[in-house]
Amino acid sequence: MVANSNETSSHEFNPWLRVSSLIETAGALLGLDEGMIKRIVTPERILEVAVPVRMDAGNVEMYTGWRIQHDTSRGPGKGGIRFHQSVNADEIAALSADMSIKCAVVNIPYGGAKGGVRVDPTALSRAELERLTRRYAFSISPMIGPDRDIPAPDINTDAQVMSWIMDTVSMLHGHNISGVVTGKPLAIGGTLGHAGATSLGVTICTQALLQRLGRASNAQRVIVQGYGKVGAPLVKLLSDRGMKVVGVADVRGAIHVPGGISHLALAKHFAESGTVVGFADSDEVESDEFWTIPSDIAIPAALGGVITDKVAETMSATIMVEAANGPTTGDGAAVLASRNIPVIPDVLANAGGVVASYFEWAQDLQGFMWESELFQQRLEKTMHESFNHVWNRQKELHVNLRDTAIAVGVERIAEATELRGLFP
Ligand code: GLU
């Protein structure tokens, strides 16, 4: 659990230790006093709920869910909900802290939160998934709301799951509350541009870094781990900008096409077979050799903790961009730093999704929907400005991009915390 994480053996990857030590390092770098650092590290509110679900066969299964608000000094909690068999309290706490930092890095008026249910949703029917979602939404409903905490999609949750949450909360209150979740379908208060916004932000950051390093985007060889909500649009966006995607991995395996993958053909193959494996003219690669595929840019866009020290030692790419949340272990980050591999950290690289969520929420609160051009223009501007701010701040702080981004987030949270004072 979050409270006794220090007891975790050093061999296990503990996501909470990863993020809490990053915040502590940033706090020390900024010269914050210990009390302030402790206030920023410690999650504000942790809710664990039992989620009983009537299965189609008539029996009842029990699942466990969480919603954690890490920090709300800058605004309501914000962050996704994931359904995955490996979810636990430490992981959700770590991801909620990542969200506090992320929202502060892109300077949107939110704190950080995260939720999840420990379940393998692929083993559920659609009706079972709906019952699980609604019961979980009901159980966390005292904590969520447009001015309290606003969930969104994350791993294995989508616009349909958001619709069920929005409906459950609206039924409880007796009126529509569209601003309680983001990432909704257009018909019930969603916004054009939300889908694919994370991938667009990753692409903008990648190009900005290439430009700063004096490297042309053209023909950069990229490998992407993950072909879901983030990975699939990313393969298209990177290809559209002249980069050559030479490797893609999903849960079933990994493929390598040295000459570059056609994003259209891969999308078609995936739609037909449900996996990237078996793509025409590709070489199949063992999953543990994926990161050694000759490439220039590596992009983890799936689960956390995958870039270990071992992976970092043999990684072929000379740039890494974190589209996933928390993909790099502390040891992995140290190896990448010792190899001078620039890393655009998750809290900056994948922030396009939550920026899009902010725009959706603002439209819902106002009851006034924007044209898609305005949405696009504001998203791109926010990502460019955030990248530039971190890049410039790096020159003042003299630490790597990850430590700089965390410091940017922590200093904004500290400022809000200081201004508000301590109640009572
Ligand atoms: N799940 C996404 C993330 O990790 C989006 C969160 C949100 O939009 O609230 O950034």
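If you take the Cα atoms of the stretch 281-405, find Rg, then find the Kirkwood Rh from the mean of 1/r over all pairs, what is Rg/Rh?
For the stretch 281-405, the value is 1.07.
Calculated from the alpha-carbon coordinates, the chain shows an Rg and a Dmax of 20.6, 66 Å respectively. In this structure the amide hydrogen of residue 245, modeled in the peptide plane, comes within under 5 Å of the amide hydrogens of 222, 261, none closer than 5 places in sequence on its chain.
When the gyration tensor of the stretch 163-266 is built from Cα positions, what are the square roots of 5 times its three eigenvalues, in whole Å, from largest to smallest?
The answer is 36, 17, 10 Å, longest axis first.
Partner aspartates and glutamates whose Cα lies under 13 Å from the Cα of residue 184, excluding those fewer than 8 positions away in the same chain, are identified as 154, 158, 167, 360, 364. Under a cut-off of 18 Å between alpha-carbon atoms, report the lysines in cross-link reach of residue 381, not counting same-chain residues fewer than 8 places apart. Within reach: 102. So for the stretch 367-417, considering every pair of alpha-carbon atoms, how many percent are separated by more than 12 Å? The calculated P(r) of the stretch 367-417 puts 69 percent of pairs beyond 12 Å.
All Cα-Cα separations within the stretch 139-183 were binned at 10 Å from zero, giving a P(r) of 29, 61, 9, each value a whole percent of the pairs.
With the helix formula -39500 (n - 2.57) applied to DSSP H stretches of n ≥ 4, the chain reaches a computed 222 nm mean residue ellipticity of -14000 deg cm²/dmol.
How high is the FRET efficiency between residue 420 and residue 272 when r is their beta carbon distance and R₀ equals 41 Å, given to the nearest 0.05?
0.15
For the stretch 40-154, taking Cα atoms only, Rg and Dmax work out to 14.4, 48 Å respectively.
Size of the stretch 288-347: Rg and Dmax of its alpha carbons, in Å, are 9.9, 26.
With a cut-off of 16 Å on the backbone N, the residues of the stretch 110-152 near the modelled label site 7 Å out from residue 30 along Cα-Cβ are 110-112. With N the number of residues in the stretch 310-376, Rg(Cα) / (2.2 N^0.38 Å) evaluates to 1.60. Computed over Cα pairs, the Kirkwood radius of the stretch 187-227 leads via Stokes-Einstein (0.890 mPa s, 25 °C) to a diffusion coefficient of 198 µm² per second.
When every Cα-Cα distance of the stretch 119-160 is counted in 5 angstrom steps from zero, the calculated P(r) takes the values 5, 19, 27, 28, 13, 7, 1 percent. Exposure proxy ranking for 244, 381, 395, 78, based on other Cβ atoms within 10 angstrom of each Cβ and starting from the fewest, stands as 395, 381, 244, 78. The alpha carbons of the stretch 223-341 stretch over 40, 25, 23 Å along the principal axes, in descending order. For the chain, leaving out every one of the GluC sites (Glu not before Pro) that falls in a DSSP loop and has at most 12 other Cβ atoms within 10 Å, the longest unbroken run is 13-285.
Using only the Cα atoms of the stretch 91-190, each taken as one equal point scatterer with no solvent, compute I(q) by the Debye sum, divide by I(0), and report log10 of the ratio at q = 0.10, 0.11, 0.15, 0.18 Å⁻¹. Calculated log10 I(q)/I(0) at the listed q: -0.27, -0.33, -0.62, -0.89.
How charged is the neighbourhood of residue 243? Take every other residue with its Cβ under 14 Å from the Cβ of residue 243, and add Lys/Arg as +1 and Asp/Glu as -1. Result for the local shell: +3.
Only the coordinates and a few stated rules stand behind these numbers; no lab work does. Values in this document were obtained by computation on a predicted structure and should not be read as measured data. So basically every Cβ, Gly included, is an ideal-geometry build from the backbone, and we count neighbours across all protein chains shown.
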